[in-house]
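The values are calculated or read from the model by the stated rules, or taken from the named source; none is laboratory data. What you see is a predicted model; the values in this text were computed from it and never measured. With ideal geometry, Cβ positions are generated from the backbone for all residues, glycine too; neighbour counts draw on all protein chains shown.
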Amino acid sequence: MKPRVLVGLIIALGLITGCEGSYRTQVIVGTLELPSGGTGIVRISVLNPPDVKTIQVGPGGFLTFNPAVIQVAGLTGVNGFTVFGSTINNLMGWVQFVASFSGGSIRPIVAPGLGVLQIPIIEMSVQAIGSVGAQTALTITAIDLFTDRVGQPIPLGPPIAGQVVIVAP
């Protein structure tokens, strides 16, 4: 078999099985700079999504933050995802949620040379209540459920934390 054909078959097999080669699927929490009192959106995204249908953080996992720096107002699904339930605890500084892609699953369009693909799935509305210079990490402690379109677990790398920094207006 010619080397070109072999490479093509390996790539096709990887796409069919959801394998992204050496890239690892991870959940990423975005970063944001806000003036004190300002509001904004932090995006929660999936890096290299193979075929994602459902994500759940809780009851074991949390998205944590410093409640003296920000308060969370709500979560909204994007790119076909819907947040079906969430618990926001602004006193203790944590959020739990479950979201799903109601149309089946995210099936990213793959193009040559695309490389790493990051798709936002949730937007978290936040308000800055800390003073200028304050910051908070946005850390997912554990993802309780992450499945494909048929309910099978998707292997995940560790979540990548984000942050919010309070800046001068």
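Just wondering, is there one or more residues in segment 123-140 that are at pLDDT 95 or above and more than 24 Å from residue 35 (Cβ to Cβ)? Among the residues of segment 123-140, at least one is at pLDDT 95 or above and more than 24 Å from residue 35 (Cβ to Cβ), which makes the answer yes. Residue 165 passes every criterion in (1) over 15 Å from residue 44 (Cα atoms); (2) out of contact with any Leu (no Cβ under 8 Å at 6 or more places or on another chain); (3) modelled with pLDDT of 95 or more; (4) not in a loop (DSSP other than H, G, I, E, B) apart from (2). When residue 156 is tested against the conditions (1) of a type outside the set (D, E, K, R); (2) at pLDDT below 95; (3) in contact with a Gly (Cβ under 8 Å, 6 or more places away or on another chain); (4) farther than 15 Å from residue 77 by Cβ, the lone failure is (3). Screening residue 125 against (1) surrounded by fewer than 16 Cβ atoms within 10 Å (Cβ to Cβ); (2) in a loop (DSSP other than H, G, I, E, B) leaves a single unmet condition, (2). The criterion of at least 3 residues that are farther than 30 Å from residue 168 by Cβ and at pLDDT 95 or above is met by the following strands (runs of 3 or more DSSP E) wholly inside segment 1-74: 52-57. The number of residues in segment 146-159 being buried (at least 16 other Cβ atoms within 10 Å of the Cβ) and part of a strand (DSSP E or B) comes to 3. Taking interchain pairs and intrachain pairs at least six residues apart, which have beta carbon atoms under 7 angstrom, with the first residue in segment 147-169 and at negative phi and the second basic (Lys, Arg) and surrounded by 18 or more Cβ atoms within 10 Å (Cβ to Cβ)? So the pair list comes out as 147/53; 148/53; 149/53.
Whether a residue is among the aromatic types (Phe, Trp, Tyr) and modelled with pLDDT under 95 was assessed, and residue 101 passes this test. Could you please find all residues in segment 128-145 being part of a strand (DSSP E or B) and of a type in the set (Gly, Ala, Ser)? Hits for segment 128-145 are 128, 137.
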